[in-house]
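Everything below concerns the one structure shown next.
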Amino acid sequence: MTKKSSVETEARRETSDEGWRQPSADHDNVDGAQHPRSVSRFVIGALAKGGNTVLQRLTCGVFLILGACGGPFNEETVEGMRKLTGHFRSTKDGIVDFKLKVDKEETAFLMTVTTDAPNYGYTDYLQGPKKAELLDAAEEWNSPKMRTSAPFPADVMTLNWPITGEDEFEKGKFHIDVGIVDHSDSMVKRGPCKIEILLKEDSDLEEGTLKATIFYAGSVDGDANIATATQAAVERWRTLYEPAGIEVEVEYDSWDEDRFDPPGMGTEEQYENLSASTTDRTVNIIIAPSIQLWDEIYGIAGDIPGPLVSSSRSAVLLSVEVSAGPDGYFNAMEERLFGETIAHETAHFLGLFHPVETTWDTWDALEDTPGCTTESECLIEMGDHLMFPFPLCGPQTCEPQTVITDSQIEVLNRYVGVD
């Protein structure tokens, strides 16, 4: 099949930068060129820094134990996980500083920080029990390799730790600094935020179960062709995740509203209400007639990684209009591609970035994904990868994209929602 050249589609927004997937031209006759599936927070984070107020602040030594105002955490057990919830205000330097005690049996945590407009939160600094520096926002901003979206400001920010099998995780106290900034990217004194942390106990990080609820939104509910296509797509998704040792358990539900904007772009309350209807172990997947505002994309994930607690980013959103093509009816190839889209976008939600972005100069931070630097080179080396930034489609069909590397498998299994 002749592969068309790709073009970069930038999403220049201030508060939302989730993974997204857009069709190639030959599949749905869009724009005459292939488009990237997702835009990483690297682009948005760089834009959000503006005059580098945050970066300057970090490099001037705010990594001190300053102590947070408010708190402490309330603790409960949810779906077999320990859950901590606290409300805090930042110090005069714009930092919420706390220590997280991890028990011996616990193997990963998922932290979600929620702020109210016009403020945003980000993971400023993470230190392990042995005082090792594990994550430094300033270093992440200046790196062309993406590990997590957590160091980049957002209204709902999520960090899953550990990310890979090489990351330190053991019993003891983790020191965490959360930064609060405003719309001008200045540190916010006494900025309020809500912090929720889920900790899992997982004796085997090489396999696990992922629970998902698929919501048929509005007019999609009750459509027999869509239901049949979705079931076929779920089987494809299960097959793709088998090499990762992940068993996918799916429940089905419906949602009254038709309209869903991309997460963080206008229908926040709807996402919050939908995600509140499921448990903190569930990844929510919405099958909608279309994705408002971005009506030419296959799907979009709430974040990389995404939050399990109820929030405006706690879902993966998929478009029937784009996935089924102009005739609105799923054929066998479109069902397969629909399954690959679900697997791709959900993998973003579990923490995977594209192995390379379509600028060909930004990569994930994993050692076993090739470091190609041109489109032609990347198509040859990674065109068959599940997380490649766009599908490879000709006039009649799209090539299968199935490869998941060992390091990608490590990331997927360390996500707190895989247990």
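The values are calculated or read from the model by the stated rules, or taken from the named source; none is laboratory data. All values derive from a computational prediction rather than experimental measurement. Virtual Cβ from ideal backbone geometry, glycine too; neighbours counted across all protein chains shown.
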Fill in the blank from the handout: The number of residues in the stretch 307-322 that are without any contact (Cβ under 8 Å) to a residue 40 or more places away in the chain and of a type outside the set (D, E, K, R) is 4
Problem - Single match in I409, I342 (criterion: closer than 28 Å to D223 by Cβ, in contact (Cβ under 8 Å) with a residue 60 or more places away in the chain and either within 17 Å of the chain's Cα centre (by Cα) or outside the structural domain of G218 (by TED's automatic domain parsing) (or both)) - result: I342
Handout entry: Candidates I226, I214, I197 - the one that is over 16 Å from Y415 (Cβ atoms) and either in a strand (DSSP E or B) or modelled with pLDDT under 95 (or both)
Key = I214
Completion exercise
Taking the stretch 375-403 and keeping residues in contact (Cβ under 8 Å) with a residue 40 or more places away in the chain and in a strand (DSSP E or B) leaves C393, C398
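Restricting attention to the stretch 363-395, which residues are among the hydrophobic types (A, V, I, L, M, F, W, C) and over 19 Å from the mean Cα position of the chain (by Cα)? Give the derivation first.
From the stretch 363-395, those among the hydrophobic types (A, V, I, L, M, F, W, C) are 363, 365-366, 372, 378-380, 382, 386-388, 390, 392-393; that's our starting set.
Those that are among the hydrophobic types (A, V, I, L, M, F, W, C) and over 19 Å from the mean Cα position of the chain (by Cα): C372, C378, L379, I380, M382, L392, C393.
Just checking, which of P129, P162, P192 is within 18 Å of the chain's Cα centre (by Cα), at pLDDT 95 or above and in the same structural domain as R82 (by TED's automatic domain parsing)? It would help to see each step written out before you state the result.
Details: P129 fails: within 18 Å of the chain's Cα centre (by Cα); P192 fails: within 18 Å of the chain's Cα centre (by Cα).
Just one listed residue meets the conditions, P162.
Tell me whether the stretch 233-252 contains one or more residues that are of a type in the set (V, I, T), within 27 Å of D155 (Cα to Cα) and without any contact (Cβ under 8 Å) to a residue 40 or more places away in the chain. Before the answer, list the steps.
Pass one, the stretch 233-252, residues of a type in the set (V, I, T): 234, 239, 246, 248, 250.
Within this subset, residues satisfying the condition of being within 27 Å of D155 (Cα to Cα) are none.
No, because not a single residue in the stretch 233-252 is of a type in the set (V, I, T), within 27 Å of D155 (Cα to Cα) and without any contact (Cβ under 8 Å) to a residue 40 or more places away in the chain.
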Exercise for the section: Check whether at least one residue in the stretch 193-205 is touching a residue at least 24 places away in the same chain (Cβ under 8 Å), surrounded by fewer than 19 Cβ atoms within 10 Å (Cβ to Cβ) and within 17 Å of N284 (Cα to Cα), and report yes or no. Expected result: no
